Amino acid sequence: MPAEQFHEWLRREGRIVVVGASLAGLRAAETLRAEGFRGSLTMIGDEPYQPYDRPPLSKAVLLGKAAPDRTDLPRRRDIDAVWRLGTAATGLDLAAQRVRLADGDEVPYDRLLIATGVRARPWPKEEEAQLDGVFVLRTRDDAVRLHRRLKAGPRRVFVIGAGFTGSEIASACRDQDIPVTVAERADAPLVGALGGVVGAVAAELHHDHGVDLRTGVMVTGLEGSPVGRVRAAHLSDGSVVETDLVVVCLGATRNTEWLTGSGLGAGPRGIACDAGCRAFDFRGIVTDDVYVAGDVARSPHPLFSYQFLSLEHWGNAVAQAEVAAHNMISASSDRIPHMWVPAFWSSQFGVNIKSVGVPSMGEQIMITQGSLTERRFVGVYGYQGRVIAAVSFDNTRWLEFYERQIETGAPFPVEYPTMDRRPEGRKAMPADFPDPSLPTHGPTVTLSGYSPADRRLVFTPSRH
Amino acid sequence: MTQPSLLRRITDYSSRADPYPLYAELRRTPVLHEEEGGPYVVSSYYDILGLLHDPRISSDAGNLTAPGADELSEPEATGLPPSFIRLDPPEHDRLRRIANSSFGPPHRPHRIDDMREELGRIVAELLDELGDEREIDLVDQFAYPFPVTVICRLLGVPREDEPRFRAWVDPIVTGLDPDSRNDPGAPVQRAAQEARVQLGMYLAGLAEQRAKEPRDDMLSDLMSGHGPDGAMSTMEVLSTAVLLLIAGHETTVNLITNGMLTLLRYPEHLRRLREDPGLSAAIVEELLRYEPPVQLVPSRTCITDIELRGVTIPKGSRIWLVLGAGNRDPERFTDPDRFDPDRGDIQHLGFGSGVHVCFGAPLARLETQIALTALARRLDNPRLVEDPPPYRQNAVLRGPRHLNIAIDGVLP
């Protein structure tokens with residue numbers, strides 16, 4: 001069938017399967033329908049719920065300001081889909097174009113979208129992770145359980161990892177006057193995502209709100225009571241913290257195991273795809289019928305030296321899903337690239353934190369507006385002489401400007417004067433990111449690629 | 001005969017009823033600088049949005065080195081310090097935060113929404129007062145008294161003082177007209193000055209009273225000065241109160257009036273609103289795009305040379321951001337000259353953007369939604385008596401001076 005006729009047929013009566021019934025999956029499905037796809041649409045999700053919103057789970061839900069079962073994602077339109085909820089996908093047959101499900105069923109597709117996202121990385125010591133009172137926070141069920149325990153009034157909450165989720169949980173605890181200890185392997189909170197300069201400000205926020213913040217330490221073990229309830233955490237500096245509630249916030253693991261052996265280029269860093277969201281197979285050859293979107297995708301970004309980026313960002317999930325959906329049912333000449341500028345926000349200790357670009361690529365930082373000591377500022381990150389990212393604390397409304405600076409490759413250090421520029425902001429300083437080869441709790445952006453011009457990769461076939 | 005400059009044609013009264021064709025002409029020169037000392041006029045959507053977020057652009061008249069009148073600034077003669085609309089960060093941020101802690105989230109998340117019922121009542125009373133008239137002036141009889149009453153309630157002006165209050169507001173708002181501003185000796189300006197001084201004295205007395213006996217109103221909150229940013233000085237409270245009063249005022253009148261005018265020109269949407277009040281939010285958003293009450297922001301300057309579309313705007317130059325033109329930029333909106341509340345994506349510039357984004361937006365939205373919904377429901381068979389209606393002189397705060405509407409009655 002000629003390509004044009006094929007796409008007409010696909011739009012009219014093709015079968016599209018979306019694996020992953022969360023934000024990216026839902027927005028993709030809506031986009032497909034909005035763009036005139038009239039064929040059959042199957043939504044597969046391992047959780048038993050209709051797509052819901054996750055950002056409130058570590059904020060409003062923990063504060064009791066929103067019910068965990070009331071965070072359903074608003075629908076843009078009816079998607080007329082067959083829902084296979086509570087059923088995990090377990091395998092993919094690329095050649096036969098079929099997805100295998102946990103219940104033994106197989107679903108055939110003409111176009112497949114993989115949006116399986118990430119899951120919380122559990123506490124690595126399995127026995128300790130099983131202790132009663134040890135939690136992670138990623139799903140609605142996690143939030144329900146954690147919220148219930150927080151309401152019961154724990155003596156102390158122990159948070160492992162001071163990334164965004166860990167810090168938000170600590171903030172929610174302090175807001176409810178619950179004693180909380182946070183242990184972080186790096187020297188400050190948020191270091192993996194924003195670097196040490198901004199991390200120092202985050203540390204002050206913790207201290208000022210009465211968080212018992214322990215930095216530069218690792219948690220060596222969790223101790224349970226004879227009846228299997230957690231009662232203490234042991235730290236690498238020899239100290240012991242008594243606690244009855246532990247929240248493990250060590251970042252996320254990409255849900256790609258189900259693709260093992262499928263031949264797709266999927267691994268712990270996600271599923272590699274091109275700028276149009278088409279998945280690569282393990283030989284680096286692009287597929288034309290398998291697409292990827294959301295947290296599980298990693299794609300090359302022209303603004304960031306064509307590095308492969310995986311972004312655990314709400315906005316990225318939406319934008320990438322829309323691009324993937326469009327491209328799935330479009331002829332090659334009509335396809336569009338995914339060039340979303342990374343952006344995320346967080347709210348903790350009463351401060352609104354937002355960033356654009358990829359701060360973790362930054363070598364240096366310059367405070368262009370406001371002041372670190374007032375904890376109200378805009379910091380700009382520089383990489384090889386250009387602006388690569390910006391972060392704001394309670395200063396969100398300027399970021400649109402800095403986003404343009406990033407998009408246009410504006411020079412760094414920033415030479416021009418800005419409103420509210422203080423003496424401390426007149427010089428660039430090292431952004432102070434930890435050595436990327438050391439593991440952290442997991443930044444929300446993972447840089448995992450090289451420029452096509454680089455030739456420093458060594459191919460090491462795995463030994464099975 | 002030579003054609004007058006484009007800018008002059010835009011500010012000329014004869015184009016007030018429909019400036020949009022001139023805006024289209026304006027957008028063909030994205031950065032227009034017609035004469036030495038004149039403003040740099042920016043008219044396309046993305047450029048305006050960019051400048052509204054640009055930390056090199058100042059709202060402080062002190063940074064202006066180019067000559068020329070500054071249409072929205074408050075005369076200094078009242079002795080009040082500049083309000084936050086005319087300040088840059090960090091002073092702007094401090095004052096706006098304190099004001100906001102009395103107005104919205106996180107400290108007062110429900111203040112505006114809690115006014116919903118009361119707004120409905122005020123609107124109902126004004127409509128009841130129309131009685132069995134067959135022709136009404138929507139401006140004088142409805143769109144003007146409504147926001148005055150509302151802002152009085154919000155600030156804490158006692159009901160019995162409202163008439164005095166209105167008598168001061170009127171000449172001040174009239175005095176904002178840029179044309180009359182060119183002549184400081186004019187009676188209009190003298191009256192505005194006089195009213196300002198009296199209003200300031202009145203508010204000072206009221207504020208002092210509220211400092212002693214706080215009530216549930218904004219003046220009490222501003223005087224109490226709780227919160228992380230501490231208190232405003234009494235003078236800062238007064239200039240903030242005057243700002244809220246004036247800025248939240250003429251604009252809402254025009255939004256409501258432009259709204260009704262537009263709905264009468266697009267009767268199918270008036271009918272839909274009558275049948276489904278739920279449409280009011282979308283209608284008001286599209287109105288803010290289609291007929292924004294603030295047509296242009298003339299009070300910006302740059303603190304360094306900046307380059308825009310190949311034009312270097314020298315430090316200290318006046319910059320005009322023509323929101324009304326950006327809102328109809330075909331690069332941003334499909335079919336921009338059509339009033340279409342159903343367009344999904346109405347990210348208009350009607351309230352500006354960035355740190356100076358309209359402080360009163362939540363109130364203006366709610367007032368207009370409630371007003372238009374009630375008008376659609378209760379005015380029986382409304383028809384425009386003249387189209388276009390007579391406009392106010394002001395090119396910046398644009399709206400009809402009168403809007404005469406023939407009706408068959410007012411429904412209960």
Q. Which condition number in (1) surrounded by 15 or more Cβ atoms within 10 Å (Cβ to Cβ); (2) in a loop (DSSP other than H, G, I, E, B); (3) over 28 Å from the mean Cα position of the chain (by Cα) is the one that A:Ile178 fails?
A. (3)
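Can you tell me which residue is farthest from B:Pro314 (Cα to Cα) among those in segment B:35-60 that are assigned to a loop (DSSP other than H, G, I, E, B) and more than 11 Å from chain A (Cβ to nearest Cβ)?
Ranking the candidates gives B:Ser44 first.
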Q. Can you tell me how many residues in segment B:76-105 are open to solvent by 70 Å² or more (accessible area, probe 1.4 Å), within 14 Å of chain A (Cβ to nearest Cβ) and in contact with a helix residue (DSSP H, G or I) (Cβ under 9 Å, 6 or more places away or on another chain)?
A. 2
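Per-residue answers, yes or no, for (1) closer than 26 Å to B:Met115 by Cα; (2) free of Cβ contacts under 8 Å to residues at least 24 places away in the same chain; (3) among the basic types (Lys, Arg):
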site: B:Gly316; (1), (2), (3): no, no, no
site: B:Val322; (1), (2), (3): no, no, no
site: B:Ala325; (1), (2), (3): no, no, no
site: B:Thr334; (1), (2), (3): no, yes, no
site: B:Asp340; (1), (2), (3): no, no, no
site: B:Gly344; (1), (2), (3): no, yes, no
site: B:Ser353; (1), (2), (3): yes, no, no
site: B:His356; (1), (2), (3): yes, no, no
site: B:Gly360; (1), (2), (3): yes, no, no
**Q.** Unique residue being closer than 19 Å to B:Leu379 by Cβ and in contact (Cβ under 8 Å) with a residue 60 or more places away in the chain when the list is B:Leu219, B:Leu261, B:Leu238
**A.** B:Leu261
**Q.** Every residue from segment A:134-158 that is surrounded by 15 or more Cβ atoms within 10 Å (Cβ to Cβ), in a loop (DSSP other than H, G, I, E, B) and out of contact with any helix residue (DSSP H, G or I) (no Cβ under 7 Å at 6 or more places or on another chain)
**A.** A:Arg138, A:Thr139, A:Pro154, A:Arg156
Q.
Restricting to segment A:271-308, name every residue that is crowded, with 22+ Cβ neighbours inside 10 Å and outside any strand (DSSP E or B).
A. A:Cys277, A:Ala293, A:Gly294, A:Asp295, A:Val296, A:Phe304
Q. Looking at segment B:372-386, which of its residues are under 16 Å from B:Val139 (Cα atoms), out of contact with any Lys or Arg (no Cβ under 9 Å at 6 or more places or on another chain) and in a strand (DSSP E or B)?
A. B:Leu379, B:Arg383
**Q.** Subset of segment B:223-237 (residues that are at pLDDT 90 or above and open to solvent by less than 30 Å² (accessible area, probe 1.4 Å))
**A.** B:Met232, B:Val237
Q. What residue, of A:Arg98, A:Arg119, A:Arg38, is among the basic types (Lys, Arg) and free of Cβ contacts under 8 Å to residues at least 24 places away in the same chain?
A. A:Arg98
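Which one of these is modelled with pLDDT of 95 or more, closer than 26 Å to A:Ala272 by Cβ and surrounded by 14 or more Cβ atoms within 10 Å (Cβ to Cβ): A:Ala129, A:Ala88, A:Ala81, A:Ala95? Break it down stepwise before answering.
On the way: A:Ala129 fails: closer than 26 Å to A:Ala272 by Cβ; A:Ala81 fails: closer than 26 Å to A:Ala272 by Cβ; A:Ala95 fails: surrounded by 14 or more Cβ atoms within 10 Å (Cβ to Cβ).
Result of the check over A:Ala129, A:Ala88, A:Ala81, A:Ala95: A:Ala88.
Each row is one residue, and each column tells you yes or no for (1) more than 9 Å from chain B (Cβ to nearest Cβ); (2) open to solvent by 40 Å² or more (accessible area, probe 1.4 Å).
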| position | (1), (2) |
| --- | --- |
| A:Ser371 | no, no |
| A:Arg375 | yes, yes |
| A:Val380 | yes, no |
| A:Gln384 | yes, yes |
| A:Asn395 | no, no |
| A:Trp398 | no, no |
| A:Phe412 | yes, no |
Q: Among residues belonging to segment B:312-357 that are within 13 Å of chain A (Cβ to nearest Cβ), of a type in the set (Gly, Ala, Ser) and more than 20 Å from B:Pro30 (Cβ to Cβ), point out the one that is least open to solvent (accessible area, probe 1.4 Å).
A: B:Gly316
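Collect the residues in segment A:414-427 that are within 13 Å of chain B (Cβ to nearest Cβ) and among the acidic types (Asp, Glu), keeping them in residue-number order.
Across segment A:414-427, the qualifying residues are A:Glu415, A:Asp420.
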**Q.** Residue that is of a type in the set (Lys, Arg), open to solvent by 50 Å² or more (accessible area, probe 1.4 Å) and free of Cβ contacts under 8 Å to residues at least 12 places away in the same chain, where the choices are A:Arg76, A:Arg70
**A.** A:Arg70
Q | Residue list for segment A:415-432, filter: assigned to a helix (DSSP H, G or I) and over 23 Å from B:Lys315 (Cβ atoms) | A | A:Glu424
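So, restricting to helices (runs of 4 or more DSSP H) that lie completely within segment B:243-361, which ones have at least 2 residues that are of a type in the set (Val, Ile, Thr) and at pLDDT 95 or above?
B:250-265, B:280-290
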Q: Within segment B:242-258, identify whether any single residue is crowded, with 21+ Cβ neighbours inside 10 Å, without any contact (Cβ under 8 Å) to a residue 40 or more places away in the chain and touching a helix residue (DSSP H, G or I) at 6+ places or on another chain (Cβ under 6 Å), and answer yes or no.
A: no
**Q.** Subset of segment A:115-140 [among the charged types (D, E, K, R) and under 19 Å from A:Ala89 (Cβ atoms)]
**A.** A:Arg119, A:Arg138
Q) Quick one: how many residues across segment A:326-355 are surrounded by fewer than 23 Cβ atoms within 10 Å (Cβ to Cβ), within 27 Å of A:Gly163 (Cα to Cα) and hydrophobic (A, V, I, L, M, F, W, C)? A) 8
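The values are calculated or read from the model by the stated rules, or taken from the named source; none is laboratory data. Remember, it's a predicted structure, so these values are computed and weren't measured experimentally. Using ideal geometry, Cβ is built from the backbone for each residue, glycine included, and neighbour counts are taken over all protein chains shown. Ligands, DNA and RNA are excluded from the accessible area calculation, which covers all protein heavy atoms including side chains. Shrake-Rupley method; radii C 1.70, N 1.55, O 1.52, S 1.80 Å.
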